[in-house]
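Asker: Got a structure for you, written out below as structure tokens; questions coming shortly.
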Amino acid sequence: MPRSAEPPAPPPARPPPFSPGSRAARRRARAAKVGAPYLVPLALAAVAALLLWRYWDRIAGADLAISAASPETQVREALRHQERAHLNDVYGFKSGGTAELVPVRFAEVAVQVDGDRASVLAIVEADGRVTWRDEHAEVSYVGREAFAMTRCSIALWCGDGQQFAGLRGVLTALFRREDAWNAADAAALERLVAEAHAGDPAALGARLRAELAAAAGARVRISAWQIRVERDRAEVGEDYELVREGRAAERRRARYVLAREGERWRFVDGL
């Protein structure tokens, strides 16, 4: 018999029968989205918000107190919060070298404010590590430093980067001494001696050449410096090793006295 029409469309699919297992799976999936991995950050944020609300008066009060304090007090407070320092190019001549200092402390702070600029005189104490070329050494520093600070938005007062000028200058002299000694360059060592304390130049040169000849082939490697600067005078304790090929390194200690001559530090004693 000929077909008179298209066959009827199949009935729509019925939803799957109720399954307790599938409902439990959906419940577990929803629980996973709000479980511990999601709740922990929310809980921490809630605790932080609660603490902020609870101590807001103290926090705001402290900020207002600092902002309302005298400029001299603001400068001292800014220095109190400078607990670390990073110094670049401590080797000099734009040849690199860094000093990482922590902790840093400022004591006996004297401040004179003129508008947006403050002149500061303070004793700076710091410990840390100096790295240059393929060497590194521990360093401890105490020095009376003069520097300037200007108003800024974050700490109210910011330093001019000269808080460690004395340390930088003495380190430069110590690096030059090590370089000259390792190069067995008596003339370079003589140039590091303070002019006012050189004594007999001929005798000094003869002594340095004799010492370098006696240590021919040896190298100095610094392990630690203890540096104290008081205005134009510095005292340095140096722990180092004398390294000779084929022999065990000899641990030694030296003491130097340096004086500031213009922009440079030169050796007065111990060289």
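The values are calculated or read from the model by the stated rules, or taken from the named source; none is laboratory data. Please read all numbers here as calculations on a predicted model, not as lab measurements. Using ideal geometry, Cβ is built from the backbone for each residue, glycine included, and neighbour counts are taken over all protein chains shown. Only protein heavy atoms, including side chains, enter the accessible area calculation; ligands, DNA and RNA are left aside. Shrake-Rupley method; radii C 1.70, N 1.55, O 1.52, S 1.80 Å.
Asker: If you take the square roots of the eigenvalues of the alpha-carbon gyration tensor of region 170-269 and sort them as a ≥ b ≥ c, do you get rounded (a/c under 1.5), prolate (a/b over b/c) or oblate?
Answerer: oblate
Asker: Taking 0.36 nm per intervening residue step and subtracting the Cα-Cα distance, what contour gain separates Val109 from Cys158 on full extension?
Answerer: Using 0.36 nm per residue and subtracting the Cα-Cα distance, I get 16.2 nm.
Asker: I want to verify the translational diffusion coefficient of region 67-132 in µm²/s; compute it with Stokes-Einstein, Rh as the Kirkwood radius over Cα pairs, at 20 °C and 1.002 mPa s.
Answerer: Details: Rh = 13.5 Å.
Approximately 159 µm²/s, per Stokes-Einstein.
Asker: What is the gain in length, in nm to one decimal, between His136 and Asp239 on full extension, counting 0.36 nm per residue of separation less the C-alpha to C-alpha distance?
Answerer: Extra length from His136 to Asp239 when fully extended: 35.9 nm.
Asker: Okay, moving on. Computed over the Cα atoms, what is the radius of gyration of region 134-176 divided by 2.2 N^0.38 Å, N being its residue count? Don't skip to the answer; put the middle values down first.
Answerer: Details: Rg = 13.8 Å, N = 43, 2.2 N^0.38 = 9.2 Å.
Dividing the Cα radius of gyration by 2.2 N^0.38 Å gives 1.51.
Asker: Counting only protein chains, not ligands or nucleic acids, how are Ile154, Ile123 ordered by accessible area (probe 1.4 Å), most first?
Answerer: Values: Ile154 155, Ile123 25 Å².
The ranking, largest first, comes out as Ile154, Ile123.
Asker: As a test question: what accessible area, to the nearest 10 Å², does Tyr256 have when a 1.4 Å probe is rolled over all protein chains in place?
Answerer: Taking all protein chains as shown, Tyr256 has close to 10 Å².
Asker: How far apart, in nm, are two points set 7 Å out from the Cα along the Cα-to-Cβ line at Gln226 and at Phe93?
Answerer: Here the answer is 3.1 nm between the modelled labels.
Asker: Give the accessible area for Arg231 in Å² (nearest 10); use a 1.4 Å probe, count only protein heavy atoms, and leave out ligands, DNA and RNA.
Answerer: Arg231 has an accessible surface of roughly 140 Å² with all protein chains in place.
Asker: Could you work out the relative contact order of region 170-269, using alpha carbon pairs under 8 angstrom and six or more residues apart, expressed as a whole percent?
Answerer: Working: 147 pairs, mean separation 25.0, N = 100.
Here the relative contact order equals 25 percent.
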